[in-house]
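Report on the following structure.
Values in this text are rule-based calculations from the coordinates and carry no lab data. Given the structure is predicted, the values throughout are model-derived calculations rather than measurements. Cβ coordinates were reconstructed from backbone atoms using ideal geometry, including for glycine residues, and neighbour counts include every protein chain displayed.
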């Protein structure tokens with residue numbers, strides 16, 4: 001990119017067409033760089049999401065490995081976090097009283113929980 005910029009500056013005394021062609025190449029290179037920066041940013045967000053999901057899954061595994069002790073020590077907020085991490089969906093059939101529970105897939109990112117203030121709003 002810098003080399004193209006130097007070429008444009010050096011072409012100042014050359015023909016209008018040569019100068020315009022160099023400017024066009026410089027603009028194309030700038031657009032290409034912007035596209036690559038967008039791709040990098042998207043990849044970084046995906047990596048961060050994967051790392052967050054892995055950290056949450058690791059926390060669940062550590063918590064479940066000593067469940068009774070950990071449950072007794074947990075705050076209500078962390079108990080809710082653990083339940084949210086383990087359970088994807090609960091369906092209750094009002095007529096029969098049957099309850100169906102679908103467990104979460106821990107390899108997927110977890111949904112964000114509402115804060116207590118948001119839940120009351």
Any pair with Cβ under 6 angstrom, 6 or more apart, that starts in the range 27-52 at a residue that is surrounded by 10 or more Cβ atoms within 10 Å (Cβ to Cβ) and ends at one that is assigned to a helix (DSSP H, G or I)
29/4
I'd like the full set of residues that are surrounded by 14 or more Cβ atoms within 10 Å (Cβ to Cβ) and farther than 22 Å from residue 105 by Cα, limited to the range 57-74.
74
